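J.: The structure under discussion is supplied below as structure tokens; questions concerning it will follow.
Every read-out reported here was derived from the displayed coordinates using simple, explicitly stated rules and does not represent laboratory data. Values in this document were obtained by computation on a predicted structure and should not be read as measured data. Positions of Cβ are backbone-derived with ideal geometry, glycine not excepted, and every protein chain shown enters the neighbour counts.
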Amino acid sequence: MSVVRVFRASAALELAQVNGNRAFVALTALAAVSFLVMVSLFGLTGAYAPVALINLDGGPYAQRFVEALLGAHHSFALRYMTAEQAEAALLSGRLVGIITIPAGFSTDVERGITVPIDVRIDNVNVDLTHDVQRALPAAIVAFGRAHEFPGIRVQMVEHDVMPQDTGYIPYLVVSALALDAMVIAGILGAMATACEWERGTVKLLRLAPASAGVVLAGKLTVAGAVAAAALAVTLAAIVLVYGVVPIAPWTTVFTLAACVAIFTCLGAWVGAVLKRTLAAVPLLFGLAMPLYVDSGALEPTRFDGEAIWMIAHLSPVYYAVGALEWAFHGLRVTPEPVYVDLLVLLALALVAVTLTLGRLAKGGSR
């Protein structure tokens with residue numbers, strides 16, 4: 001019986017602890033949900049790349065070839081367009097590529113003549129290029145088998161938009177800088193405010209004759225400086241270890257500085273609201289990964305459909321990834337020009353600092 005009483009007493013004590021930390025339990029559940037969202041985004045991104053189809057033939061074999069393209073597993077989301085529409089969409093970053101079925105395709109296939117299929121690919125990174133390079137030949141083979149042709153009567157002729165491919169790892173390590181900025185600056189900003197409640201010193205700050213905004217500015221400046229130093233180490237590793245050197249270093253510095261300001265302030269708000277470091281840290285980690293995936297970090301978000309692309313605009317990480325990929329590789333991974341990405345980051349940084357040192361400082365001084 002003593003064992004049962006001890007068990008019940010221990011369980012009751014733990015239940016009381018859980019009831020006293022409902023916010024932390026809720027945030028833990030939210031973190032679990034956020035990882036579910038992240039996994040879902042992995043599935044939604046990287047499949048069914050938007051590709052324009054220009055069918056200049058319209059014959060029976062052309063239609064069968066289109067069916068073979070549609071049958072390529074998780075590869076193409078074909079969009080019928082004119083040549084002018086497809087070119088405009090490709091140059092604005094709305095398409096992965098353009099497939100053109102030439103006039104006379106059906107007639108030449110029936111005669112046994114090998115027909116070249118012109119393919120223009122937005123080779124923004126090598127992974128996307130390889131996806132198309134694997135899928136299109138597979139569709140050609142399926143087309144030949146379906147009609148029991150003795151040989152392949154279609155061949156792929158590739159033309160890349162970019163003068164050179166960008167490796168997937170070099171693409172990823174650059175986008176990871178934005179994730180690092182969010183996690184490091186956000187956590188340090190949250191610690192700067194949450195620790196005041198945990199140590200009970202927030203009351204002293206409220207009674208101090210000094211301006212609450214100045215006090216908060218001093219704390220967040222140190223947090224931001226530490227985050228910037230950590231990012232500098234990460235940047236050095238990217239340059240020295242991975243051999244990825246920015247072609248626009250000042251754009252890189254500006255983007256990372258804006259990210260530090262934005263996420264340090266965001267973290268400060270999270271810490272002030274939750275008042276506990278143990279609650280703020282998992283929340284920031286939980287939010288970071290889905291925002292990272294839905295920001296163009298793995299591939300340009302513009303290839304993942306209008307809904308995901310529009311949602312991505314709500315995150316500063318989206319604009320940071322766009323600016324950083326341009327600064328390092330000269331890639332345009334957002335339909336918006338890079339100067340728009342930079343202006344949005346600047347505006348967000350100014351708003352974040354103003355609201356934090358104004359509204360948050362006033363709220364903490366009451």
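J.: Spin-label point model (7 Å from Cα, Cβ direction): what's the ILE169 to ALA225 distance in nm?
T.: Going by the 7 Å Cα→Cβ label model, 3.6 nm.
J.: For VAL215 and ILE247, compute 0.36 nm times the residue count separating them, minus their Cα-Cα distance, and round to one decimal in nm.
T.: Working: separation 32, 0.36 × 32 = 11.52 nm, distance 3.83 nm.
Gain in length upon complete extension: 7.7 nm.
J.: State, to one decimal in nm, how far the label point of ARG5 lies from the label point of ARG145, with both points 7 Å from Cα in the Cβ direction.
T.: 7.4 nm
J.: Taking the highest mean first, how do the peptides 224-235, 261-272, 168-179 order by number of other beta carbon atoms within 10 angstrom per residue?
T.: On the way: 224-235: 17.0, 261-272: 26.8, 168-179: 20.2.
Highest-to-lowest ranking by the protection proxy: 261-272, 168-179, 224-235.
J.: Just subtract the alpha-carbon distance of ALA176 and LEU350 from 0.36 nm times their residue separation and send over the number in nm, one decimal. Could you put the intermediate results ahead of the total?
T.: Numbers: separation 174, 0.36 × 174 = 62.64 nm, distance 2.33 nm.
This chain segment gains 60.3 nm when fully extended.
J.: Label points 7 Å out from Cα along the Cβ direction at ALA88 and LEU56: separation in nm?
T.: Those two pseudo-labels are separated by 2.0 nm.
J.: Let me ask you something else. Can you tell me the length gained on complete extension of the stretch LEU343 to ARG359, counting 0.36 nm per residue apart and subtracting the Cα distance? Numbers along the way, then the final one.
T.: Working: separation 16, 0.36 × 16 = 5.76 nm, distance 2.34 nm.
Gain in length upon complete extension: 3.4 nm.
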